[in-house]
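Below is one structure, written out as structure tokens; comments come after it.
Every number in this text was worked out from the coordinates using simple rules, so none of it is lab data. None of these values were measured; they are calculated from a predicted model. Glycine gets a Cβ as well: all are built from the backbone with ideal geometry, and neighbour counts include every protein chain shown.
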Amino acid sequence: MSETKDNPIAECRQRLKLLYLRDILLRSTNESQSLTRAEIEEKLNDLGISEGRKAFAEDIDALKSYGMDIQSTVGRNAGYQLASREFELAELKLLADAVSSAKFLTSGKAAELIKKLSGLCSESEAAQLCRNVYVTDRTGVSSSHILYSVDTINQAISAKGTKHKIRFRYFEYDIHKKKKYRVPDRICTPYALVWDNTHYYLVAWNDHRECYSSYRVDRMENVEMIKEKARPIDRDFDLSEYVRTHISMFSGEETEVKLRCSKEMVNSVLDRFGMKTRFIPEKDGEHFVVYVNVVAKSPFYAWLFQFGGKAQLLGLESVRKEYIEMLDTVRSEMEE
């Protein structure tokens, strides 16, 4: 009877040999770093696994057949390395930057996710995922509920067959930084999740108000799917247009306004209203006019104000009047 059969633990490890060999190649090699057969065997021996020369060659061939891109050199000190993998290092760096930059994640949760990402590359490359991304105003509250909320919403949106509505509690903060919940709980049909300005937003049909609405996901609690069937999205509803005019500009009724802008604002206007925005150049070559749909509320006025004299609100007259009144109110309060 062999020593392995006399030792159940050793026998179990021997059965897992291919998995351990796979892990060694994943964690200790990459396209520029290889291990010799002797080095690999030493690592396996440290795990209590024996590996003969013939068995080693057969195991490498088995992993290649499984789909691993294992490259080897010839000669006395032949090296073995995993030349490619599912994610390139540059792609993992991009994902790590996105995780690091997400304000809704606590620093601890961001570090936890980046550690998981590092498992997709070699140990020597993992240090490069610790990115030097500084994030201001990172939330200090737990981010776990946001991840679970996003997951539940995605399940509701992507469900095959009959889709269902979701229910959740929605809150805002009062002057004492206490949560103030809206009543009643919201029941909605979710249509899309939008990532904008470091926040997740849900675009949905609001049963309470009987209209399309957007919600900050980090202000949604106790998100759950319910048995009530989802409301089909209207055929003429333009989701991309809704996102452009509502997300970060609050929800509300759209109004077409006329803006006269300096040519220096071309990129800012395109960033805000999209590439399909029609420019009407003026004869002086220094200005252009656009007609755009906006939700005429404070966020739009704040966006407009940042450009000072480079942007003029020419109409509608009711919107122009409201904007002037807001500016006058701010000025009078500053003079007090």
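The length gained on full extension between GLU333 and ALA192, counted as 0.36 nm times the residue separation minus their Cα-Cα distance, comes to 46.7 nm.
The ellipsoid that matches the Cα gyration tensor of region 254-335 has semi-axes, each √(5λ) in whole angstrom, of 23, 14, 12, with the longest given first. Estimated at 0.36 nm per residue, the fully extended path between VAL183 and GLU325 surpasses their Cα-Cα distance by 47.9 nm. Look at the dipole of the chain built from charges on Cβ: of SER50, GLN71, SER28, the Cα furthest out on the positive end belongs to SER50. Per the Kirkwood formula applied to alpha carbons, region 195-316 shows a radius of gyration over Rh ratio, Rg over Rh, of 1.05. Each principal axis of region 3-84 carries a Cα extent, and these read 40, 26, 20 Å when sorted largest first.
Given +1 at the Cβ of Lys and Arg, -1 at the Cβ of Asp and Glu and no other charges, the dipole of the chain around its Cα centre is 640 debye to the nearest 20.
GNM remark for the chain: springs join alpha carbons under 10 Å apart, and the peak mean-square fluctuation among LEU94, LEU47, LEU304 falls on LEU47. Out of these labelled values of mean projected area of the Cα convex hull in nm², (i) 18.7; (ii) 15.4; (iii) 28.5, which was calculated from the coordinates shown here? Recomputing mean projected area of the Cα convex hull in nm² here picks out (iii). With 10 Å bins beginning at zero, the pair-distance distribution over Cα atoms of region 40-106 amounts to 16, 33, 23, 18, 9, 1 %. Residues whose amide H falls under 5 Å from that of LYS163, counting only those 5 or more places apart or on a different chain, are ALA230, with hydrogens built in the peptide plane. Place a point 7 Å from the Cα of LEU95 along the Cα-to-Cβ direction; which residues of region 142-184 have their backbone N under 18 Å from it? Once the point is set 7 Å along Cα→Cβ of LEU95, 147-148, 151 turn out to lie under 18 Å by backbone N, inside region 142-184. Full extension of the chain segment joining ALA55 with ALA38 gains 4.8 nm, where the gain is 0.36 nm per residue of separation less the Cα-Cα distance. Here LYS93 is the anchor, and the aspartates and glutamates within straight C-alpha reach of less than 18 Å, apart from those fewer than 8 places off in the same chain, are GLU31, GLU112, GLU123, GLU125. Convex hull volume per residue, computed on the Cα atoms of region 89-129, equals 54 Å³.
Across region 152-233 the C-alpha pair distances fall into 5 Å bins from zero in the proportions 3, 15, 27, 26, 17, 8, 3, 1, 0 percent.
The Rg/Rh ratio of region 205-258, with Rg taken over Cα atoms and Rh as the Kirkwood radius over Cα pairs, comes to 0.99.
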